[in-house]
1. In nanometres, what is the gap between the two model label sites at ILE51 and ILE32, each 7 Å from Cα along Cα-to-Cβ?
2. Put a dot 7 Å past each Cα toward the Cβ at ILE14 and LEU59; how far apart are the dots in nm?
3. What residues qualify as long-range amide H neighbours of THR126, i.e. H under 5 Å apart, gap of 5 or more or another chain, H built at 1.01 Å from N?
4. Defining a contact as two alpha carbons under 8 Å apart and six or more residues distant in sequence, what relative contact order in percent does segment 9-154 show?
5. In nm, give the distance between the simple-model label positions of LEU144 and SER158, each being 7 Å from the Cα along the Cα-to-Cβ direction.
6. Give me the Debye-computed log₁₀ of I(q)/I(0) at q = 0.21 Å⁻¹ for segment 81-160, equal point scatterers on Cα only, no solvent, two decimals.
7. In Å, the Kirkwood hydrodynamic radius of the chain over pairs of distinct alpha carbons?
8. What is the magnitude of the charge dipole of the chain about its Cα centre, with +1 placed on the Cβ of each Lys and Arg, -1 on the Cβ of each Asp and Glu, and no other charges, expressed in debye to the nearest 20?
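Computed from the coordinates by the stated procedures, all read-outs in this text should not be read as laboratory data. Keep in mind that this is a model prediction, so the values were computed, not measured. FYI the Cβ positions are ideal-geometry reconstructions off the backbone, even for glycines, and counts take in every protein chain you see.
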Amino acid sequence: MRGGKGDGGHRLGILFATVLVDLIGFGIVLPILPLYAADFGARGLETGLLISVYSLVQLVMAPLWGRLSDRFGRRPILILGLLGSAVAYFIFARADSLAMLFLSRIIGGIGGSTIPVAQAYIADVTPPERRAGNMGLIGAAFGLGFVIGPLLGGPILSPL
């Protein structure tokens, strides 16, 4: 995903879609997670930890992904992040214990912590005068993902 300044339009669309898909997946899980955890006997504190462990792992992993993307390039790291998220959602769907839910959230946090890499990519391929606007694409993908994801996840709780 390395490109010269100004030739990133198509790639920015792919980047937007990548972040959007990741956030839709994250949003689908949100309405389901507390009830799924309760099915495995989780109480309030455990459910809170289950929700927050994702962000805790992101906090730790984001700087590491950033350094790795400086060394190996943005594309491989973004792809690894998406693969990690896919593995996490697969484990989440197949979970048969609270421990598996925690594992899925930890792996999901690892995969979902590549947003700074996406931002670095935008900085790489856009001229300074368009950089802030293009960074807004990340925010738009977040917003749209958090609208679409829970709308898809909610009906899983009570099928139509």
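1. 1.7 nm
2. 3.4 nm
3. GLY6
4. Averaging sequence separation for qualifying contacts and normalising by length gives 44 percent for segment 9-154.
5. 2.9 nm
6. Result of the Debye calculation: -1.03.
7. Over the chain, the inverse of the mean reciprocal pair distance is 16.4 Å.
8. 440 debye
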